[in-house]
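These notes concern the structure reproduced below.
The values are calculated or read from the model by the stated rules, or taken from the named source; none is laboratory data. Keep in mind it's a predicted model, so treat the numbers as computed, not measured. Positions of Cβ are generated from backbone atoms using ideal geometry, with glycine treated the same way; all protein chains shown enter the neighbour counts.
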Amino acid sequence: MLTIFRKMNRTLLAIILVPALAISISSCSTKPTTQPQAKNIIFLIGDGMGLHQVYAAYTINGGSLDMMRATHVGLQTNYSANRYITDSAASGTALACGKKTNNGMIGVDTARNELESILKVAERKGMATGLVSSSAITHATPASFIANEVSRNDYEAIAADFLKTDIDVFIGGGLDHFTKREDGRDLAKELETKGYTVATDISQVAAHTSGKLAALTAAVHHPNMLSGREDMLPFAARKALELLKQDGDGFFVMIEGSQIDWGGHDNNQEYVLQETLDFDAAVKVAMDFAEKDGETLVVVTADHETGGMMILNGNIEKKSVETTFTTGGHTGIIIPVFAYGPGAELFTGFYDNTDFKAKFMQALGISDTEE
Ligand code: MG
Ligand code: ZN
């Protein structure tokens, strides 16, 4: 009898206390915020990397890729506002800012209104931010995360947009767009005045161990893997994480394997595969970091596919693959998404390239927007 009474009492208490507790918790917070799942986000974009590029690289690698350490997989549509076949500016803008725009446009909508990228949301929330690219840092994909320009070709304006932000770390090519400018500004000097260490070669990057870093490690683009870029991208990825993790408020970083796309445009299988494997080496850096850290969401995807690459035959044991290309341009095929870490489940299923920003914000527990 006594135990029944105790049980009843406990149930009664639960009925009375649980809603009271919920009310007191909700009345404590002034604005609705979702529960954060991830402290840090590493977003990796393989420019031009479709499923055939991924599986061909897997094949010549003997049946493994680090991106396949992902626990959750999804598919994204990537058409732009004015074209079924997107370019890297419109798709970069969609991935970064959550809105469709016209091909060629960077961080602005079709009416030319400036959009706030996920990197800028993270910055506004006090997180550390970074960009890493194996092309010029002013090229369409990284530019979409930091610049607001009507034309992707306006490299000098895109470079100047870096100065309007407080990005903590960026590593990529494009030194000329900062220093050899029509307006005569020396943005490298301006960056130093703003407190950045400006590095122009990879040994200076290696020597930098704390504080803001602007690394412009090529005049414009880095060489491709077949021409000896070596481990620039995975090295830069590791350095960016080393610097960004020093901020206790978490970080957002976008790391791009830029030249998978260029191999696709060239219809050059070896170019595509070496760039995809190099990108996967950067994914390994991210996955190893996230595995050890436990608070980091890693998302790997592409902006679109390039070359209409098709696998015709292959042999995983012999690490050989036979492919063909069906176009010198981009295709419209849906793109795989690989996710790992807290919040990875948000990236399963079928969705659009404009959905990434909201998913990242949900993972970080950010529910407000600037507008
Ligand atoms: Mg790109
Ligand atoms: Zn392209």
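Suppose the filter is assigned to a helix (DSSP H, G or I), among the hydrophobic types (A, V, I, L, M, F, W, C), touching a Gly at 6+ places or on another chain (Cβ under 9 Å) and under 22 Å from Asp176 (Cα atoms); does Leu233 pass it?
yes
If Val298 satisfies all but one of (1) surrounded by fewer than 15 Cβ atoms within 10 Å (Cβ to Cβ); (2) away from ligand 1 (no atom under 16 Å from the Cβ), what's the number of the condition it fails?
Condition (1) is where Val298 drops out.
Please work out which one of (1) in contact with a strand residue (DSSP E or B) (Cβ under 9 Å, 6 or more places away or on another chain); (2) touching a residue at least 40 places away in the same chain (Cβ under 8 Å) is the condition Gly104 fails and give its number.
Condition (1) is where Gly104 drops out.
Out of the residues in the stretch 262-280 that are acidic (Asp, Glu) and in a helix (DSSP H, G or I), state the one that is nearest to ligand 2 (Cβ to nearest atom).
Result: Glu275.
Quick one: would you say Glu295 is of a type in the set (Asp, Glu) and more than 30 Å from Gln37 (Cα to Cα)?
no
Out of the residues in the stretch 238-261 meeting the condition of being away from ligand 2 (no atom under 16 Å from the Cβ) and more than 20 Å from Leu364 (Cβ to Cβ), tell me which one is surrounded by the most Cβ atoms within 10 Å (Cβ to Cβ).
Here the answer is Lys239.
Just give me the residues in the stretch 75-94 being assigned to a strand (DSSP E or B) and either of a type in the set (Asp, Glu) or surrounded by fewer than 23 Cβ atoms within 10 Å (Cβ to Cβ) (or both), in sequence order. Walk me through how you get there before you give the answer.
Kept after step one, since they are assigned to a strand (DSSP E or B), are these residues of the stretch 75-94: 75-77.
Passing the criteria: Leu75, Thr77.
Consider the stretch 302-317. How many of its residues are surrounded by fewer than 16 Cβ atoms within 10 Å (Cβ to Cβ) and on the phi > 0 side of the Ramachandran plot?
Looking only at that region, the number is 0.
Given the structure, is Phe360 within 16 Å of ligand 1 (Cβ to nearest atom) and within 17 Å of the chain's Cα centre (by Cα)?
Numbers: within 16 Å of ligand 1 (Cβ to nearest atom): no; within 17 Å of the chain's Cα centre (by Cα): yes.
In short, no.
Out of all the residues in the stretch 265-294, which are within 20 Å of the chain's Cα centre (by Cα), within 16 Å of ligand 1 (Cβ to nearest atom) and acidic (Asp, Glu)?
Matches in the stretch 265-294: Glu275, Asp278.
Quick check on Ala57: is it part of a loop (DSSP other than H, G, I, E, B), in contact with a helix residue (DSSP H, G or I) (Cβ under 8 Å, 6 or more places away or on another chain) and either within 16 Å of ligand 2 (Cβ to nearest atom) or modelled with pLDDT of 95 or more (or both)?
Here the answer is no, as Ala57 does not meet what is asked.
Do you know which of the residues in the stretch 60-74 that are of a type in the set (A, V, I, L, M) and in a loop (DSSP other than H, G, I, E, B) is nearest to the chain's Cα centre (by Cα)?
Among them, the one singled out is Ala70.
What strands (runs of 3 or more DSSP E) completely inside the stretch 116-213 contain at least 1 residues that are touching a Phe, Trp or Tyr at 6+ places or on another chain (Cβ under 8 Å)?
Qualifying strands (runs of 3 or more DSSP E): 128-136, 169-173.
Just for the stretch 83-109: of the residues that are among the hydroxyl-bearing types (Ser, Thr, Tyr) and touching a helix residue (DSSP H, G or I) at 6+ places or on another chain (Cβ under 7 Å), which one is farthest from ligand 2 (Cβ to nearest atom)? Spell out the reasoning first.
Of the stretch 83-109, the ones among the hydroxyl-bearing types (Ser, Thr, Tyr) are 84, 86, 88, 91, 93, 101.
In the following step, the residues that additionally are touching a helix residue (DSSP H, G or I) at 6+ places or on another chain (Cβ under 7 Å) were identified as 88, 91, 93, 101.
On the way: Ser88: 6, Ser91: 10, Thr93: 15, Thr101: 17 Å.
Ranking the candidates gives Thr101 first.
Go through the stretch 245-264 and report how many residues are of a type in the set (D, E, K, R) and more than 12 Å from ligand 1 (Cβ to nearest atom).
3
Being touching a Cys at 6+ places or on another chain (Cβ under 9 Å) and of a type outside the set (Gly, Ala, Ser) is the filter; apply it to the stretch 89-113 and report the residue that is farthest from Asp352 (Cα to Cα).
Only one residue fits best here, namely Val108.
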